[in-house]
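Asker: Pasting in a structure now, in structure tokens, and then I'll have a few things to ask.
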């Protein structure tokens with residue numbers, strides 16, 4: 001098995017950027033990989049909000065569109 | 001008897017102690033923001049919902065400077081140009097508030113914009129998003145224009161507060177159409193005097209806040225006027241004072257405008 005993601009390696013979209021999908025990935029592992037595990041964020045998966053309690057059990061298989069958002073200043 | 005007795009501002013069942021709602025955007029630093037919010041006396045602040053940084057996520061988060069137990073956080077749907085987008089963002093804002101254990105997690109400041117240059121609301125999208133969010137259990141505080149027809153329709157759809165703009169967002173022009181705002185107040189409070197009407201957008205300086213409160217609005221939402229004043233901290237204090245002054249003037253009942261003079265000193269006893 002090649003170490004380099006091939007043309008058919010599973011990808012996910014995270015905040016508009018394509019990212020390779022690690023094996024056995026879940027929303028929690030995606031957060032951890034981004035250093036966001038302890039941050040006040042919310043996640044939308046394919047257009048639906050996923051409650052925090054389900055991050056660890058939410059498996060990703062490729063092609064998912066994920067938005068990770070937080071509060072910022074605004075009027 | 002307390003000469004300054006007043007009923008509190010109640011929106012969607014939530015009691016606020018201040019009639020100013022202050023935005024958290026456009027400050028030089030989060031620390032400046034925190035000082036200005038404290039000086040303004042507000043207990044409700046708006047926040048936006050945006051993508052978290054995926055790199056350098058060791059940076060500050062606004063929540064490091066905003067205590068959710070001191071301030072009621074009101075997520076906005078700023079930057080949304082369709083009802084679909086606004087509903088998506090509102091749901092994410094609600095999820096963030098739920099994670100914080102907020103008592104008002106279902107609050108949202110709804111904005112559905114129609115035009116990038118003017119940031120005027122899209123009335124059709126605003127009506128649709130209000131209906132959808134109310135059906136999903138949200139407490140909707142809705143940004144709209146000073147059009148009384150749209151305003152009353154938003155209330156009829158279940159908006160917890162209708163928030164007419166004084167002038168375009170960030171424009172600092174204050175209340176451009178007091179007549180329209182008065183009609184909005186009349187329609188929205190017909191048979192329902194405690195229905196909260198909050199002027200949102202366009203405030204430029206303290207007198208704008210006082211003017212709005214004197215017209216009888218229940219609160220004012222502002223951001224740029226404080227954040228981008230030359231001395232934001234001083235302006236935050238001015239806004240706090242103006243809000244109180246305008247509210248007291250409204251409750252006190254002003255004299256009418258007269259064409260001609262009426263002397264303040266008596267005629268009787270003049271020696272001349």
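The numbers here are math on the coordinates, done by the rules we state, and not lab data. Please read these numbers as outputs of a predicted model, since none were measured by experiment. Neighbour counts run over all protein chains shown; Cβ positions are idealised from the backbone, glycine included.
Asker: Beyond 21 Å, what share of the Cα-Cα pairs of segment B:56-138 remains, rounded to the nearest whole percent?
Answerer: 36
Asker: Ok, one more. Work out how far the C-alpha atoms of segment B:106-235 reach from end to end along every principal axis, then list the three figures in whole Å, largest first.
Answerer: Per principal axis, max minus min of the Cα coordinates gives 43, 32, 25 Å.
Asker: Ok, one more. Please compute the alpha carbon radius of gyration of chain A, then divide it by the globular-protein estimate 2.2 N^0.38 Å. Two decimals is fine.
Answerer: 1.16
Asker: Just want to confirm a number: the relative contact order over chain B, from Cα pairs under 8 angstrom separated by 6+ residues, in percent.
Answerer: 17
Asker: Any idea how far the Cα center of segment B:86-111 sits from the one of segment A:8-41, in Å?
Answerer: If we compute the Cα centre of each part, the gap is 23 Å.
Asker: Averaged over all directions, how much area does the convex hull of the C-alpha atoms of chain B cover when projected, in nm²?
Answerer: The Cα convex hull of chain B, projected and averaged over all directions, gives 18.7 nm².
Asker: Take the Cα coordinates of segment B:1-128, assign each an equal point scatterer, and use the Debye formula without solvent to give log10 I(q)/I(0) at q = 0.16 Å⁻¹.
Answerer: Treating every Cα as an identical point scatterer, log10 I(q)/I(0) equals -0.92.
Asker: A further question on this structure: For segment B:194-272, what is the Kirkwood hydrodynamic radius in Å, using each pair of distinct C-alpha atoms?
Answerer: That comes to 14.7 Å for segment B:194-272.
Asker: What does the convex hull of the Cα atoms of segment B:65-112 come to per residue, in Å³, rounded to a whole number?
Answerer: For segment B:65-112, the hull spanned by Cα atoms encloses 64 Å³ per residue.
Asker: Could I ask something else about it? Please compute, for peptide A:62-72, the average count of beta-carbon atoms on other protein chains lying within 10 Å of each residue's beta-carbon.
Answerer: Going residue by residue through A:62-72 and averaging, the value is 6.
Asker: To the nearest whole number, what is the average tally of beta carbon atoms from other chains within 10 Å of the beta carbons of peptide A:39-48?
Answerer: Mean partner shielding for this stretch: 5.
Asker: Quick check: pseudo-label points 7 Å beyond the Cα along Cα→Cβ at residue A:37 and residue B:254, how many nm apart are they?
Answerer: Roughly 6.0 nm, to one decimal.
Asker: Once you have all Cα-Cα distances for the protein assembly as shown, histogram them in 10 Å bins from zero and send the whole-percent values.
Answerer: For the protein assembly as shown, the binned pair fractions read 5, 24, 30, 20, 11, 6, 3, 1, 1, 0, 0, 0 percent.
Asker: Hey, another quick one. Return the percentage of antiparallel bridges among DSSP beta bridges fully within chain B, rounded to the nearest 5 %.
Answerer: The antiparallel proportion sits near 15 percent.
Asker: I would also like to ask the following. Indicate, rounded to the nearest 5 percent, the antiparallel portion of the DSSP beta bridges found entirely in segment B:5-135.
Answerer: Taking every DSSP beta bridge within segment B:5-135, about 35 percent pair in antiparallel fashion.
Asker: Then there is this: Given an 8 Å cut-off on Cα distances and at least 6 residues of separation, report the relative contact order of segment B:159-200 as a percent.
Answerer: Relative contact order here is 57 percent.
Asker: Give the distance, in whole Å, between the Cα centre of segment B:39-81 and the Cα centre of segment B:120-146.
Answerer: 21
Asker: Continuing with the same structure: Taking only the alpha-carbon positions of segment B:159-242 and ignoring solvent, what does the Debye formula give for the base-10 log of I(q)/I(0) at q = 0.19, 0.23, 0.24, 0.26 Å⁻¹?
Answerer: Reported log10 I(q)/I(0), two decimals: -0.75, -1.03, -1.10, -1.23.
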